[in-house]
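The values are calculated or read from the model by the stated rules, or taken from the named source; none is laboratory data. Since the structure is predicted, the reported quantities are computational estimates derived from the model, not experimental observations. Here the Cβ positions follow ideal geometry from the backbone for every residue, glycine too, while neighbour counts run over all protein chains shown. Accessible surface areas use protein heavy atoms only, side chains included; no ligands, DNA or RNA. Shrake-Rupley method; radii C 1.70, N 1.55, O 1.52, S 1.80 Å.
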Amino acid sequence: VTGADLTGRIALGGAGFSITADRDDDAAIAVIRAAYDAGIRTFDSARAYAPVGEPLHNELLFRRALAGCDDAVIGTKGGHWRAGTDDWRVDNRAARLRSDVDDSLRALGVDRLPLYYVHRVDLDAVHVEESVQTLDDLRRQGKIDRIGISNVTAEQVRAAAATAPVAAVQNRLSVREVRDAEVLAEAERLGIAVFGYSPLRAAPSAPDLASALPRLAALADDRGVPLERLALRGLLASSPSISLIVGAGRIVTAREGAAAEGEAWDSELDAAYAADRGLS
Ligand SMILES: NC(=O)c1ccc[n+]([C@@H]2O[C@H](COP(=O)([O-])OP(=O)(O)OC[C@H]3O[C@@H](n4cnc5c(N)ncnc54)[C@H](OP(=O)(O)O)[C@@H]3O)[C@@H](O)[C@H]2O)c1
């Protein structure tokens, strides 16, 4: 796997392959390969996506699954790890980020990481400028190609971008509701790509997608297209800066995610989606 360009606006996320107790590496590899075969080229990993005691599990899994796929880009993250079943830690100081980057280089078997994020900016006492400066030093040493920041505010985006060239912001974005409008506007203004994670995950208060997006659901029915696919397409249509990271436990879901990017989008769908999200 090499550091090819970021292509495509749907990425496959890896958290589910490594965090759950009933994980199955062979099944995960089949899903990752199916996503690649369906056209997905960007993959999202992290040190934190791990069984306890195996911090590189997810990166090693992606490496195995994508061996020989030279145009695949595996983005990964550090400064955040799993110390116990329900014990997640954050340390974004320079020493920690440096050793996490070295581990990821080894796990992925590359000389340079194509995209590396500070995973949890918001929970940390270390200012974002300091963490991004560390990643920029590693970028100058040739260990990182592009710098990312995750779980950030608009103010942190501004501060990070003033410190170093930031290529990507990764925050939660939902197909159901408007989130982080300020972060999106700031990233768009600064020419930074936004990777929205968990786009389909339900809030406990609104578990049912069709009742959250009734107008879009009616059109999905009329047109015989899955609502999830239209909802992902609608979120992509809402800003050219947005890409989405989808999770898939099943091959069919990975293929569905890939199909969202190429799905037709028109003004009728756009109006329905905007009205469902309270934007019109
Ligand atoms: N930076 C961060 O702090 C952070 C935090 C959370 C997540 N992430 C990243 O985001 C990735 C995705 O997160 P997520 O798993 O919460 O995302 P998600 O895609 O919103 O939710 C995944 C769930 O939705 C289902 N699903 C996905 N696409 C579907 C479709 N087209 N039709 C029907 N069902 C669909 C999946 O089904 P099946 O399992 O049945 O296939 C799975 O149960 C993670 O793996 C990780 O890479 C990053």
Flagged in segment 155-183 as more than 25 Å from residue 7 (Cα to Cα) and among the small types (Gly, Ala, Ser), in numbering order, are 159, 162
What are the residues in segment 106-139 that are of a type in the set (A, V, I, L, M) and surrounded by 19 or more Cβ atoms within 10 Å (Cβ to Cβ), if any?
107, 108, 113, 115, 118, 121, 128, 132, 135, 138
Which of the residues spanning segment 150-160 are crowded, with 21+ Cβ neighbours inside 10 Å, in a helix (DSSP H, G or I) and small (Gly, Ala, Ser)?
160
With the checklist (1) more than 19 Å from residue 147 (Cβ to Cβ); (2) buried (at least 18 other Cβ atoms within 10 Å of the Cβ); (3) of a type in the set (A, V, I, L, M, F, W, C) in hand, flag the one item residue 203 doesn't pass.
(2)
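Yes/no matrix, rows are residues, columns are (1) open to solvent by less than 60 Å² (accessible area, probe 1.4 Å); (2) touching a residue at least 24 places away in the same chain (Cβ under 8 Å); (3) of a type outside the set (Gly, Ala, Ser):
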| site | (1), (2), (3) |
| --- | --- |
| 214 | no, yes, yes |
| 220 | yes, no, no |
| 226 | yes, yes, yes |
| 268 | no, yes, yes |
Residues to consider are 96, 64, 33; find the one that is part of a helix (DSSP H, G or I), open to solvent by 10 Å² or more (accessible area, probe 1.4 Å), away from the ligand (no atom under 14 Å from the Cβ) and under 24 Å from residue 199 (Cα atoms).
33
In this structure, is residue 142 modelled with pLDDT of 95 or more and surrounded by fewer than 20 Cβ atoms within 10 Å (Cβ to Cβ)?
yes
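Just give me the residues in segment 73-93 being in contact with a helix residue (DSSP H, G or I) (Cβ under 6 Å, 6 or more places away or on another chain) and either away from the ligand (no atom under 15 Å from the Cβ) or closer than 30 Å to residue 34 by Cβ (or both), in sequence order.
Listed by number, the residues that qualify are 74, 76, 78.
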Need pairs with beta-carbon distance below 9 Å; first residue over 20 Å from residue 114 (Cβ atoms) and more than 16 Å from the ligand (Cβ to nearest atom) and within segment 141-157, second open to solvent by 20 Å² or more (accessible area, probe 1.4 Å) and part of a loop (DSSP other than H, G, I, E, B); sequence gap 6+ or separate chains.
154/180
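Here's the yes/no breakdown for (1) part of a loop (DSSP other than H, G, I, E, B); (2) of a type in the set (D, E, K, R):
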residue: 116; (1), (2): no, no
residue: 126; (1), (2): yes, no
residue: 129; (1), (2): no, yes
residue: 138; (1), (2): no, no
residue: 142; (1), (2): yes, no
residue: 148; (1), (2): no, no
Hey, any hits in segment 1-13 for a residue that's in contact (Cβ under 8 Å) with a residue 24 or more places away in the chain, away from the ligand (no atom under 16 Å from the Cβ) and closer than 24 Å to residue 131 by Cβ?
yes
